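**Q** Quick one: the structure is below, questions incoming.
Here, each number is a calculation from the coordinates, and none is a lab measurement. Small disclaimer: the values here were computed from a predicted structure and weren't measured. For neighbour counting, all protein chains shown are included, and Cβ atoms are generated from backbone atoms with ideal geometry for every residue, glycine included.
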Amino acid sequence: MRDFSRDHRWLSINTATVRKSRGADLPLTEIIEACARRGIRAISPWRDQVAAVGLDTISTRVKAHGLELSGYCRGGMFPAVGAEGLRAARDDNRRAVDEACELRAACLVLVVGGLPGALAGQVAHKDIALARSQVRDGIAELLEYARRAQMSLAIEPLHPMYAADRACINTLEQALDVCDELDPGQPGGQASPARAALGVAVDVYHVWWDPKLRAQIERAGKHRLLAFHVCDWLTPTTDLLNDRGMMGDGVIDIPRIRGWMEGQGFAGYSEVEIFSAADWWQRDHGEVLDTCIQRHRRAV
């Protein structure tokens, strides 16, 4: 494993981690400046944060500071009711690919969606098999567009508690089944490194519990492992969406999982992604970033 104890060369900040500072919204331009001042070399911004400032402005700032993007959040949300809804999802995902290309992101992260209407509290139907079928078809269509744009797609399996509203792909095994079906690539299921890949984003918050995790990371191999997201699972957890912990404060053995990733050749960033309405979003963003640097050195 790489030694992270001496510097934070391989730290990336998912900008959701500091989307608020002392409870107030923090513009993405300020997040970029704060990261650059600390020698943080990579970020992974969210589309709404980019849109609030403007794609051209963010692209200029990223390039001016020489920042890399470990990923771009997010595409997905494929399931819908009717042709119009499916077409709207398709068009939005193509825009997400275009934005990721402009920002030179390593990949577009896909949070695939669940039952239509669930996020709004009004489920259109209860057919999760249909939702998964629409996810598969949506990724298949988007993959062709992404290949032409040379943008890799990273399916992010989410914890089963999000199956209804955010993602009906809930294990790494499910995500890799989709990858192997749609992009068989080289023998052994590895995508060709010579073209845009279809792979996975491994977020420890969502997959740490899975008894098949190590085997599925090994199955994925180097060219399917496109992103690695870190935070911690607190006990007790007071909010299943917005109470993620700082690395080292919870129960996840993050270094072990990173070891499995690196054992397959993963050599990318460890992307800190923390949603924390009652704790870290209430602190000054500088304190949060400084803590991310410290914990990346000793808890990742």
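**Q** I need the shape label for region 1-88. Rule: rounded when a/c is under 1.5, else prolate if a/b > b/c, else oblate, with a, b, c from the alpha carbon gyration tensor.
**A** prolate
**Q** Counting other C-beta atoms within 10 Å, which of THR60, THR237 has the fewest, and how do the rest follow?
**A** Result, fewest neighbours first: THR60, THR237.
**Q** Roughly how many Å is it from the Cα centre of region 86-106 to that of region 248-300, as a whole number?
**A** Here the answer is 27 Å between Cα centres.
**Q** Please tell me the relative contact order of region 73-154 in percent, rounded to the nearest whole number, where contacts are Cα pairs under 8 Å and at least six residues apart.
**A** Normalised by residue count, the contact order of region 73-154 is 38 percent.
**Q** Which residues does the label zone of ARG298 cover in region 234-253, counting backbone N under 12 Å from a point 7 Å along Cα→Cβ?
**A** 248-249, by backbone N distance to the label point.
**Q** Additional query: Give me the percent relative contact order of region 11-299, please, defined on Cα pairs under 8 angstrom at least 6 residues apart.
**A** In percent, rounded to a whole number, it is 19.
**Q** Where a ≥ b ≥ c are the square roots of the eigenvalues of the C-alpha gyration tensor, would you call region 156-300 rounded, which needs a/c under 1.5, or, failing that, prolate if a/b is larger than b/c, or oblate?
**A** Since a/c reaches 1.5 and a/b is larger than b/c, the shape of region 156-300 is classed as prolate.
**Q** Just rank HIS159, HIS296, HIS65, fewest to most, by other beta-carbon atoms within 10 angstrom.
**A** Sorted ascending by nearby Cβ count, the order is HIS65, HIS159, HIS296.
**Q** Above 34 Å lies some portion of the pair distances; for the chain, what is it as a whole percent of all C-alpha pairs?
**A** Within the chain, distances greater than 34 Å cover 15 percent of Cα pairs.
**Q** Report the charge-dipole magnitude of the chain in Debye, nearest 20, computed about the Cα centre from +1 at each Lys and Arg Cβ and -1 at each Asp and Glu Cβ.
**A** For this selection, approximately 680 debye.
**Q** Rounded to the nearest 500, what is the 222 nm mean residue ellipticity of the chain from helices alone, with -39500 (n - 2.57) per DSSP H run of 4+ residues and division by all residues?
**A** That calculation yields -12000 deg cm²/dmol at 222 nm.
**Q** Now for a separate question. Would you mind ranking ASP249, ASP56 so that the residue whose beta carbon has the fewest other beta carbons within 10 Å leads the list?
**A** The fewest-first ordering by Cβ neighbours comes to ASP56, ASP249.
**Q** Could you please tell me the mean projected area of the C-alpha convex hull for region 214-300, averaged over all directions and given in square nanometres to one decimal?
**A** Convex hull of Cα atoms, orientation-averaged projection: 5.9 nm².
**Q** Where does region 84-164 land on Rg/Rh, using Cα atoms and the Kirkwood Rh?
**A** Ratio value, two decimals: 0.99.
**Q** Between region 25-66 and region 139-156, what's the alpha-carbon centroid distance in Å?
**A** Using only Cα atoms to place each centre, the spacing works out to 24 Å.
**Q** Among VAL251, VAL178, VAL97, whose mean-square fluctuation peaks in a Gaussian network model of the chain (Cα, cutoff 10 Å)?
**A** VAL251
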